[in-house]
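A short write-up of the structure that comes next.
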Amino acid sequence: MPVVALPVAEMKLLMPAIGWVLAAHRILVTTDRGANWKDISPPNPEHDNFADVFFLNAKSGWVLIAHEDADDASIQTLRVAYTEDGGTTWSNGALPAWGSGAGPAGTGILAFATRRRGWLSLNIQGNTLFAASELLSTADGGRTWNWAKHSPDGEIEAMTALTERDLWILDRSEGLRGLFRTGDGGRSFQRILITAPKSIPADFEPTSE
């Protein structure tokens, strides 16, 4: 039987022999350094898009799933599926109502610091010049989510959750990237200024990248 190579969209190594990939709209896991792969995808009867995947360890994982309306591609319905047993079983978390204004764009980023405490950024529909994101948090492993009261303006491009209170965000606003950090669980965010080391010439002109 011929071997079929699948295109890989995302990957992460959790331990020397254990890791996962997002390939062909499936989550596949290996426990033998890639020699064999097992499909642990959450139920997806409508073949919705897996917008982002995050595994904290071999047992605890989350998937942001985006459903596109059959009659209007601009309408996206989002849900977060989570597993506590390495993908043997999955449950769906409850996202809050979006409210008025532009809806979600169907893309986002997941980041967890512990099995219970995590963050979710959702991109908002709009033009590329004024892209923006909304930030949510969970304190019960993804069962329920709440809108964060404070977050940087602009589009969140990356997140790293170090502890339950310490979150770092790479944000793009008006074409410029900025680094932000909260040390109080999202009650406030501070911009981190990157001071140029002496090795960078004084006449160096930074770009938008």
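In segment 85-118, which residue that is in a strand (DSSP E or B) and of a type in the set (Val, Ile, Thr) is surrounded by the most Cβ atoms within 10 Å (Cβ to Cβ)?
Ile109
Please specify each residue of segment 63-84 satisfying the condition of being among the polar types (S, T, N, Q) and open to solvent by 10 Å² or more (accessible area, probe 1.4 Å).
Passing the criteria: Ser74, Gln76, Thr77.
Anything in segment 25-35 that is open to solvent by 10 Å² or more (accessible area, probe 1.4 Å) and part of a strand (DSSP E or B)? List them, or say none.
Listed by number, the residues that qualify are Arg26, Leu28, Val29.
Anything in segment 13-24 that is in contact (Cβ under 8 Å) with a residue 24 or more places away in the chain and surrounded by 13 or more Cβ atoms within 10 Å (Cβ to Cβ)? List them, or say none.
Leu14, Ile18, Trp20, Leu22
Are there any pairs, at least 6 apart or on different chains, whose C-beta atoms fall under 6 Å, with the first in segment 36-62 and open to solvent by 40 Å² or more (accessible area, probe 1.4 Å) and the second of a type in the set (S, T, N, Q), and if so, which?
Correct list of pairs: Trp37/Thr30.
What number of residues within segment 148-173 are closer than 25 Å to Ala94 by Cβ, out of contact with any strand residue (DSSP E or B) (no Cβ under 6 Å at 6 or more places or on another chain) and of a type outside the set (Ser, Thr, Tyr)?
Counting residues in segment 148-173 that are closer than 25 Å to Ala94 by Cβ, out of contact with any strand residue (DSSP E or B) (no Cβ under 6 Å at 6 or more places or on another chain) and of a type outside the set (Ser, Thr, Tyr) gives 4.
For Ala202, are the conditions met, namely being of a type outside the set (Phe, Trp, Tyr), open to solvent by 100 Å² or more (accessible area, probe 1.4 Å), assigned to a loop (DSSP other than H, G, I, E, B) and at pLDDT below 95?
In short, yes.
The values are calculated or read from the model by the stated rules, or taken from the named source; none is laboratory data. Predicted model only: the values in this text are computed from it and were never measured. Ideal geometry is used to build each Cβ from the backbone, glycine not excepted, and the neighbour counts take in all protein chains shown. Note: accessible area is taken over every heavy atom of the protein model, side chains too, but ligands, DNA and RNA are not part of it. Shrake-Rupley method; radii C 1.70, N 1.55, O 1.52, S 1.80 Å.
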